[in-house]
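Quick note: the coordinates plus some simple rules give every number you see, no bench work behind them. Every value quoted in this text rests on a predicted model; they were computed, and no experiment measured them. Every residue, glycine among them, receives a Cβ derived from its backbone with ideal geometry; neighbour counts consider all protein chains shown.
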Amino acid sequence: MADKQQGTFTVKAGLAEMLKGGVIMDVTTPEQAVIAERAGAVAVMALERVPADIRAAGGVARMASPRIVKSIMEAVSIPVMAKARIGHFVEAEVLEALEVDYIDESEVLTPADDQYHIDKWRFNVPFVCGARDLGEALRRIAEGAAMIRTKGEPGTGNVVEAVRHLRQVNAQIRQVVSTPSGELADLAKELRAPLDLVRRVKELGRLPVVNFSAGGVASPADAALMMQLGADGIFVGSGIFKSSNPEAMARAVVRATLHYNDPKIIAEVSEDIGESMPGLEMATLKPADRMQDRGI
Amino acid sequence: MRIGVLAIQGDVREHLQHVVQVGAEAVSVRTVADLANVEGLIIPGGESTTIGMLMQEEGLISAIQQRVANEGFPVYGTCAGLILLAKDVIGKSPARLGLMDIVADRNAYGRQVASFEADLDIVGVEGGPFHAVFIRAPQIVTVGSDVIPLAYYHDQVVMARQGSLLVSSFHPEMTEDTRIHQYFVEVVANRVMTS
């Protein structure tokens, strides 16, 4: 009796289940983390810079300084996530040693490996990974990801890519569900995804782990849109602390995420929240500026 | 029998599924009006700060407190739900119901890397040990004289009951085992018969 198991897939995926219906906010200081927590965020993502600033700064974006991560962990009682570069398993080891609650192996940072993602099975800390379609999501889950977020296009304040990716994942799930079992092997090949996971998707009618929406949410209505399209919850990167009134925006996004089916409440929470972050039109992005194409 | 699951944030779906599996009708509760239609309520796992704040905004805290005071309304809190039901919480405290005579310590088992699974013997739950999933779990550090401990992990109370209020540090909705939901349904059924 009372022997315990740690780092199991159940407890990794389980924490993501507890975050459902909530908003996870990017923060760069303990003060911002406290604002996020007070506004009702279910977790924060500790970063050196928000994606919009990473975009503006250019160059190589790496894991945040442990000093920043630790100071944010001390400031709040909600879970703290942090980003590691795609394939950079040592950054992930460092974040695990700091005892962050979730690692985001993220295309927002500059990839460290253009071929392989981190082998996430060998960690006790759970990972969330980005995906633009079902095959990508299932490849990440096969590598050990316990949570998925559709990628969108980070740091743009433009929700169009977030919508595209979530619709794509959902359309492909419907396709898997309606495909006869005998034809799933072919479909798995087409999706470049492991057959056992494709079978699991057919059984469940959804991804086998929680799927949040990321990359472009910049207003309460954006958050509610992603929830109506079937997201389990919302990541807001630059959308809170690049807006003119972060405190008000944070609260409004949380309430709109909860009441996503009630336009009257969304209208009410959208009053007096200042200006959303400035947005970017996708056509103005050069191919090299598209973060979503990293680590597919 | 209609059992509500507080559907503000957290693993609502898993609780709804378990309620259906034990033969009760499962209802999502988001508003005070929803609450009026259920005979018992489960508060799921999630972030207690978020759930507490939004419960307060919806007027659900006082509505639940009234039903518990007036009619012994049964409430079962898992993890975050335990924190919301606790009379006192160590450290930073979210807005909460504060109905059960226990003191809770949030995330007392440590951060996510310390989350774990373990088998427990539970008083009143027959059929062998219950496989329990603890995720950033709170501890019950003090129990009042009216509170009956139902399960221990390393001498620490992890499940308890006070009248028709039930709490667990762990998540019975994270496994296929529905015995604890069955137990709660019986708590609700017995209260209905005696009132």
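Backbone phi angles across segment A:277-288, fed through the Karplus curve with coefficients 6.51, -1.76 and 1.60 (θ = phi - 60°), yield HN-Hα couplings of 4, x, x, 10, 7, 4, 5, 7, 7, 6, x, 5 Hz in residue order; Gly and Pro are listed as x.
Computed over the protein assembly as shown, the per-residue total of -39500 (n - 2.57) for DSSP H runs of n ≥ 4 gives a 222 nm mean residue ellipticity of -11000 deg cm²/dmol, rounded to 500. Quick one: of A:20/A:151; A:4/A:120; A:20/A:202; A:4/A:70; A:4/A:202, which pairs are farther than 24 Å apart, Cα to Cα? Distance filter (> 24 Å) returns A:4/A:70; A:4/A:202.
Each Lys or Arg adds one and each Asp or Glu takes one away; over the other residues whose Cβ falls under 11 Å from the Cβ of residue A:292, this sums to -2.
Given points 7 Å out from each Cα along the Cα-Cβ axis, report the residue A:3 to residue B:32 separation in nanometres with one decimal. Taking the simple label geometry, residue A:3 and residue B:32 are separated by 5.3 nm.
Report the antiparallel proportion of the DSSP beta bridges in the protein assembly as shown as a percent, rounded to a multiple of 5. About 30 percent, rounded to the nearest 5.
What shape does segment B:1-130 take by its C-alpha gyration tensor, where a ≥ b ≥ c are the square roots of the eigenvalues and a/c under 1.5 counts as rounded, a/b above b/c as prolate, and the rest as oblate? Note, shape of segment B:1-130 comes out oblate. The alpha carbon gyration tensor of segment B:74-159 gives principal lengths a ≥ b ≥ c with a/c of 1.5 or higher and a/b no greater than b/c, which makes the shape oblate.
The overall shape of segment A:54-96, judged from the alpha-carbon gyration tensor, is oblate: a/c is not under 1.5, and a/b is no greater than b/c. Site pair residue A:290 and residue A:34 shows an inter-label distance of 4.2 nm when each label is modelled 7 Å from Cα along Cα→Cβ.
Of the residues A:230, A:215, A:58, the one that moves most in a GNM of chain A with alpha-carbon contacts below 10 Å is A:58. Cβ-Cβ distance of residue A:190 and residue A:60, R₀ of 51 Å, FRET efficiency by 1/(1 + (r/R0)^6): the value works out to about 0.90. How big is the dipole moment of the protein assembly as shown about its Cα centre under a simple scheme where the beta carbon of each Lys and Arg is +1, that of each Asp and Glu is -1, and everything else is neutral? Debye, nearest 20, please. Dipole of the protein assembly as shown, to the nearest 20 debye: 560 debye. Between amide H atoms placed 1.01 Å from N, distances below 5 Å from residue A:131 occur with A:149, A:150, A:151, all of them 5 or more places distant or on a separate chain. Of the DSSP beta bridges with both residues in segment B:2-194, give the percent that are antiparallel, rounding to the nearest 5. Beta bridges within segment B:2-194, antiparallel portion: roughly 50 percent.
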